[in-house]
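J.: Attaching a single structure in C-alpha cells format; questions to follow.
The values are calculated or read from the model by the stated rules, or taken from the named source; none is laboratory data. These numbers were taken from a predicted model, which means no experiment stands behind them. Using ideal geometry, Cβ is built from the backbone for each residue, glycine included, and neighbour counts are taken over all protein chains shown. When the accessible area is computed, the model is the full protein with side chains, heavy atoms only, and any ligands, DNA or RNA have been set aside. Shrake-Rupley method; radii C 1.70, N 1.55, O 1.52, S 1.80 Å.
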Amino acid sequence: MKRIGILTGGGDAPGLNAVIRAAVKTAIYEYGCEVLGIRDGYDGFIDEKGIIPLGIENVRGILPRGGTILGAANRGNPYARKVIRDGKEVTIDVSDEIIKGIRRLELDALLVLGGDGTLHIAHGLFLKGAPIIGVPKTIDNDIGGTEVSFGFDTAVNTATEAIDKLHTTAEAHHRVMALELMGRNAGFIALHAGVAGGSDVILIPDIPFKFESVVAKVRERVERGMLFSIVAVSEGAKPLDGNQVFSREGNEIYVTRLGGIGQIVGEYIEKQGFETRVTVLGHLQRGGTPTPFDRWPATLYGAAAVRLAARGGFDRMVALHSGKIVDVSLEEAIAAPKRVDINDDSVITARGMSISFGDE
Ligand code: F6P
C-alpha cells in the first residue's frame, strides 16, 4: 500500500479530525504510506484544488478540534448533481469523475468517513471499482452494523447540558420547556440526553406520539405539585397518524431537512393552558471539541481503517461490537440503519421512572 486518500462526507461530527489524525499517523508510521486529503467530500475529486497532502505536521494539534480539516459537503450527491446547462437546471451523474480521480491519484484505498448517505455513495463507487473503506460517522448514532458512531457522545453531552440549564429556569418560572434536538430517523440523542437530564417527556421518531398524551403528563405533574416540565423532542418525532415537519425536499440519497416539531409541540401545550417556551438546539450539537469518549472510537476507527485497507478489505466499514473493533460489509451497514429498540432497557427504564414517550 503506497498511497491512500481520506474524505469526510455528509454533515460534520465531533471526532472527524481525530479519525484523520489516527489514520495519517498509522499510515505513515506503520506502513510508510502517503496520505492525500480530499477536500469537501466527494467534490474534491471534481475540483482541481481538491487534493491536499497530509503529513504528520498537518495533523498535529487537531485531536481536540471539532469540524473537519478537510471540509465536508452534505448535499453533494455525485449520482445526481444539479448543474445549469443552457440556462436550465439539469441533473447529471458525475460519479465517473470520482473513479477517474481515484485512478489519476493512484490511490490504493479511499477512506470514506460518513453517515448513511455518504456510505451509500461509497458502496456505489465500490461497485464501479473504487477501493473503498468506510468509517461510521454521525451524531445521530443511526448507522447500522456498529454499536457506536463517533460524535454521538459529544452531541448527547451538549444536549444534556442544555436540559440541565432549562431545568433551572423552568422551575423558577413554573413553565414547560420544550427542547428540539437532532435525530432525523432515530431518537438516540433525545433518549440518552432526556434520560441523563431527567426530562419528563421524550418524543422520538421511533415512537409516534399523541399530543394529548404529552399534555396529560404535564397536567399530571402540575396536579402532583410539580409546576414545571421538560419535554425533549427529536426533530424527526412524528405525531401518531401525522407527518414529520420539514422545510425542504430531499433526494434519493440525502433526506429532507427537518425542524419545527418542537415549536408545534410547545404551541399545543401552551394552548392547553401551560405556559411554554421552545428552544431549538440545532447545530450546537454538531460543534465543539469531541469528548474523550468520542475521541476513543474515532482514534481506533482511524487506525483500524488503514489496517483494513492494507489487508484489501474493501467495501467494508470499521465498526465497534462489544468494545472490540471489527469490520462489516458496507451493504450490511447501509441496509439496516439503527433505530431505537422500544423494548430496550433504556426505554423500559425511562418508562418505569414515569418518563412519558407520549404514546400512552
Ligand atoms: O445526520 C446528522 C444531522 O445532524 C441530523 O441530525 C440533521 O437532521 C442533519 O444532520 C442536519 O443537516 P444539515 O447540517 O445539512 O442541516
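J.: Quick check on the stretch 143-217: take the gyration tensor over C-alpha atoms, sort the square-rooted eigenvalues as a ≥ b ≥ c, and tell me if it's rounded (a/c under 1.5), prolate or oblate. Mind dumping the intermediate values first?
T.: Details: a/c = 3.12, a/b = 1.40, b/c = 2.22.
Note, shape of the stretch 143-217 comes out oblate.
J.: Please get the size of the charge dipole for the chain, origin at its Cα centre, with Cβ charges of +1 on Lys and Arg and -1 on Asp and Glu, quoted in debye to the nearest 20.
T.: Working: 40 positive and 46 negative charges, 173 e Å.
That gives a dipole near 840 debye.
J.: Work out the length of the dipole vector of the stretch 85-126 about its Cα centre, built from +1 on the beta-carbon of each Lys and Arg and -1 on the beta-carbon of each Asp and Glu, and round it to the nearest 20 debye.
T.: 100
J.: Among 186, 139, 28, which residue has its Cα furthest toward the positive end of the charge dipole of the chain, with +1 on Lys/Arg Cβ and -1 on Asp/Glu Cβ?
T.: 28
J.: How much accessible surface does residue 146 have with a 1.4 Å probe, in Å² rounded to 10?
T.: 10
J.: Can you give the helix-only mean residue ellipticity at 222 nm for the chain, where every DSSP H stretch with n ≥ 4 adds -39500 (n - 2.57) and the sum goes over all residues, rounded to the nearest 500 deg cm²/dmol? Write out the running numbers ahead of the final one.
T.: On the way: 12 runs with 135 residues, N = 360.
Helix contribution divided over all residues of the chain: -11500 deg cm²/dmol.
J.: Another question, then. If you wrap the chain's Cα atoms in a convex hull and average its projection over all directions, what's the area in nm²? Please report the intermediate quantities before stating the final value.
T.: Values: hull surface 76.4 nm².
Over all viewing directions, the chain projects a mean Cα-hull area of 19.1 nm².
J.: What aspartates and glutamates could a cross-link reach from residue 210, if we take a straight Cα to Cα line under 16 Å and drop same-chain neighbours fewer than 8 places away?
T.: 200, 220, 235, 241, 267, 270, 359, 360
J.: Also: Once you sort the root eigenvalues of the Cα gyration tensor of the stretch 1-112 as a ≥ b ≥ c, which label holds: rounded (a/c under 1.5), prolate (a/b larger than b/c) or oblate (the other case)?
T.: Values: a/c = 2.91, a/b = 1.65, b/c = 1.76.
Taking the square roots of the gyration eigenvalues as a ≥ b ≥ c, the stretch 1-112 is oblate.
J.: Using DSSP H assignments, which helices in the chain have an axial alpha-carbon span of 24 Å or above and a mean Kyte-Doolittle hydropathy of -1.0 or higher? If you can, show how the numbers build up before the last one.
T.: Numbers: long enough: 152-173 (31 Å, -0.32); 292-310 (27 Å, 0.34).
The qualifying helices are 152-173, 292-310.
J.: Measure out, as a whole number of angstrom, how far apart the alpha-carbon centroids of the stretch 119-191 and the stretch 269-319 sit.
T.: Centre-to-centre distance over Cα atoms comes out at 6 Å.
J.: In square angstrom, rounded to the nearest 10, how much accessible surface does residue 341 have for a 1.4 Å probe?
T.: Spelled out: residue 341, probe radius 1.4 Å, area about 80 Å².
J.: Select from 67, 337, 318 the residue farthest towards the positive end of the dipole of the chain; place +1 on Cβ of Lys and Arg, -1 on Cβ of Asp and Glu, and compute about the Cα centre.
T.: Checking the options against the dipole of the chain, the answer is 67.
J.: Next up: Assigning unit charges at the beta carbon (Lys, Arg +1; Asp, Glu -1) and nothing else, what dipole magnitude in debye, to the nearest 20, does the stretch 55-118 show about its Cα centre? Can you show the working numbers first?
T.: Values: 10 positive and 9 negative charges, 42 e Å.
Computed charge dipole of the stretch 55-118: roughly 200 debye.
J.: Which trypsin sites (Lys or Arg not before Pro) does the stretch 1-57 hold that lie in a coil by DSSP with at most 10 other beta carbons within 10 Å?
T.: Details: sites: 2, 3, 21, 25, 39, 49; in loops: 2, 39, 49.
Sites meeting the loop and neighbour criteria: 2, 49.
J.: Which percent, to the nearest 5, of DSSP beta bridges fully inside the stretch 202-360 are antiparallel? Please list the in-between numbers first.
T.: Details: 9 of 12 bridges.
Counting DSSP beta bridges with both partners in the stretch 202-360, the antiparallel share is about 75 percent.
J.: Turning to a different aspect of this structure: Quick one: order 268, 42 from most to least accessible surface, probe 1.4 Å. List each step's numbers first, then the result.
T.: Values: 268 70, 42 10 Å².
Most to least solvent-accessible, the answer reads 268, 42.
J.: In whole percent, and with a 1.4 Å probe on the protein chains, what portion of the accessible area of the chain is carbon and sulfur? Please list the in-between numbers first.
T.: Values: 7770 of 15340 Å².
Of the solvent-accessible surface of the chain, carbon and sulfur hold 51 percent.
J.: Using +1 at the C-beta of Lys and Arg and -1 at the C-beta of Asp and Glu, which of 272, 172, 110 has the Cα lying farthest in the positive direction of the dipole of the chain?
T.: Going by the charge dipole, the pick is 110.
J.: Here is a further query. Using 1/(1 + (r/R0)^6) with R0 = 30 angstrom and r between the beta carbons of residue 219 and residue 339, what's the FRET efficiency to the nearest 0.05? Don't jump to the answer; show the numbers that get you there.
T.: Details: r = 30 Å, r/R0 = 1.00.
Efficiency computed from Cβ-Cβ geometry: 0.50.
J.: Taking Rh as the Kirkwood radius, which is the inverse of the mean 1/r over Cα pairs, what is the Rg/Rh value for the stretch 101-185?
T.: Numbers: Rg = 19.5 Å, Rh = 15.7 Å.
Rg/Rh: 1.24.
J.: Now for a separate question. Taking 8 Å as the Cα distance limit and 6 or more residues as the minimum spacing, I'd like the relative contact order of the chain as a percentage. Display every interim value, and only then the final one.
T.: Working: 837 pairs, mean separation 80.2, N = 360.
Value for the chain: 22 percent.
J.: Write down the percent of antiparallel bridges among all DSSP beta bridges whose residues are both part of the chain, to the nearest 5.
T.: Working: 17 of 51 bridges.
Percentage antiparallel, nearest 5: 35.
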